Amino acid sequence: MHNATLLSTAREVLSRTRLILLAGGSSSERESSLTNRNALLPYLQKLCRSVDVVDTNDIDHLIRAVRQCDFVLNIVYGAGGEDGTMQGFLDILRVPYSGPSTLPSAIGMNKEIFLALLRGLGYPVPYGCLVTALGDPQSWPRELQQSRVLVLKPIDEGNSLGIKILDGRAAAAEAITRIEPTDRSRWRLEEFIDGPFGTVGIFQVGLELIIGDAVLFDLPDGWRFYDNRLKLKSVDERATPRILHGLAAERIRDDALRLYSQLNCKGLVRFDFIYNDGAPVYLEANTIPGLYPGSNAALSFQSGFSFEDLLTLSTAAQIPGQLK
């Protein structure tokens, strides 16, 4: 089906759809979710038959609303919204929703499990392990001992929240001592991979997988990684996006196509990586990527879709039985 015809059909589907926009939640990413809600709402009110905005913290409203809707667009980031919890709840109620189902969501949210799975499948990932597996720094695995720069990160946070870049083993060991012992199972120490941050988006329409461009973000001077402040443009400096071309881009896009299927994904998903010496080193799967004009997901598809068309097609394609 030609893109124009497909988009027209997608608009017809949404015009009949009673949609819930699920936002907020209680994770550390609540404010990002609410900001995304405000950006999406004018588009969805224009496109859909009706839109009911629901905060997952209001359980009574949530239960009433899902019984009267056709589809749930979930933009609740972090714990409770992105980790399989909400997906399982909606599966029990047999309410169709955006994004991957329970298991892929849980895997994508837990960086330790996700990276172990990718390593087993043969994809390049940073070497690392849970803090609870580390003893005396002298006995750390060779890969961590030899790394001049190390990364300490929570395994279940998004938007680069909580990440610490540490110069050497001594600094990493000291940072670990400041983590509460009961909380250490949530933290991973890994080697620092130098290079620009990159991402690629993908979603499915019927049997067709639609893959975006691989986008790299060159960091401003003095920045060591693409953190939350750069992503949300909350500082004066800006990361500079550019589309990657050539064989490396094709490899990343091919990897994304395989990973999407291997993880049994659905909906719009983003795979993030560091571009190191002409090749990707994969960091995470973002199963509920930020979706607003200028977001990383939108940038990956901007050569083929306006933001409104991307939102229209990627949303309508997830409503069962509508686009084939």
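Quick notes
- Breaking point among (1) touching a Leu at 6+ places or on another chain (Cβ under 7 Å); (2) more than 20 Å from K266 (Cα to Cα); (3) outside any loop (DSSP other than H, G, I, E, B), for L22: (2)
- Pair list, Cβ under 6 Å, 6 or more apart: segment 272-297 residue in a strand (DSSP E or B), other residue hydroxyl-bearing (S, T, Y): D272/T199; F273/Y282; Y282/Y123
Yes/no matrix, rows are residues, columns are (1) part of a helix (DSSP H, G or I); (2) surrounded by fewer than 21 Cβ atoms within 10 Å (Cβ to Cβ):
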site	(1), (2)
D52	no, yes
L62	yes, yes
Y77	no, no
G88	yes, yes
L103	yes, yes
Q138	yes, yes
V151	no, no
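- Cβ pairs under 6 Å, 6+ apart, first in segment 233-257 and in the same structural domain as P293 (by TED's automatic domain parsing), second surrounded by fewer than 18 Cβ atoms within 10 Å (Cβ to Cβ) and part of a loop (DSSP other than H, G, I, E, B): E237/P220; A248/G278
- Inside segment 240-250, residues that are part of a loop (DSSP other than H, G, I, E, B) and buried (at least 18 other Cβ atoms within 10 Å of the Cβ) make up a count of 1.
- Only listed residue being part of a helix (DSSP H, G or I), crowded, with 19+ Cβ neighbours inside 10 Å and out of contact with any helix residue (DSSP H, G or I) (no Cβ under 9 Å at 6 or more places or on another chain), chosen from S8, S33: S33
- Within segment 177-194, the set of residues being over 26 Å from Q262 (Cβ atoms) and crowded, with 19+ Cβ neighbours inside 10 Å comprises W187, L189.
Here is a yes/no grid of residues against (1) out of contact with any strand residue (DSSP E or B) (no Cβ under 8 Å at 6 or more places or on another chain); (2) over 25 Å from N286 (Cβ atoms); (3) touching a residue at least 40 places away in the same chain (Cβ under 8 Å); (4) not in a loop (DSSP other than H, G, I, E, B):
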| residue | (1), (2), (3), (4) |
| --- | --- |
| E143 | no, yes, yes, yes |
| L166 | no, no, no, yes |
| A170 | yes, yes, no, yes |
| D183 | yes, no, no, yes |
| R188 | no, no, yes, yes |
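- When segment 1-24 is filtered for residues that are within 28 Å of Y77 (Cβ to Cβ) and among the aliphatic types (A, V, I, L, M), the ones remaining, listed by number, are L7, A10, V13, L14, L19, I20, L21, L22, A23.
- From the list R253, R229, the one residue that fits, being assigned to a helix (DSSP H, G or I) and more than 25 Å from T35 (Cβ to Cβ), is R253.
Quick grid of which residues meet (1) in the same structural domain as L232 (by TED's automatic domain parsing); (2) of a type in the set (G, A, S); (3) more than 19 Å from D213 (Cβ to Cβ):
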position	(1), (2), (3)
K266	yes, no, yes
P280	yes, no, no
S303	yes, yes, no
F307	yes, no, no
L311	yes, no, no
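- Note on segment 195-226: among residues that are of a type in the set (D, E) and not in a strand (DSSP E or B), the one that is surrounded by the fewest Cβ atoms within 10 Å (Cβ to Cβ) is D221.
- Among (1) in the same structural domain as N264 (by TED's automatic domain parsing); (2) over 30 Å from L244 (Cβ atoms) - the single one P141 does not satisfy: (1)
- Only one of the listed residues (D156, D227) is modelled with pLDDT under 90, assigned by TED's automatic domain parsing to the domain that holds A79 and either charged (D, E, K, R) or in contact with a strand residue (DSSP E or B) (Cβ under 8 Å, 6 or more places away or on another chain) (or both). That residue is D227.
- Residues of segment 18-49 that are without any contact (Cβ under 8 Å) to a residue 24 or more places away in the chain and among the aliphatic types (A, V, I, L, M): L34, L41.
- Among the candidates D227, D221, D255, D272, residue that is over 19 Å from the mean Cα position of the chain (by Cα) and acidic (D, E): D221
The values are calculated or read from the model by the stated rules, or taken from the named source; none is laboratory data. None of these values were measured; they are calculated from a predicted model. Every residue, glycine as well, gets a Cβ built from its backbone with ideal geometry; the counts of neighbours run over all protein chains shown.
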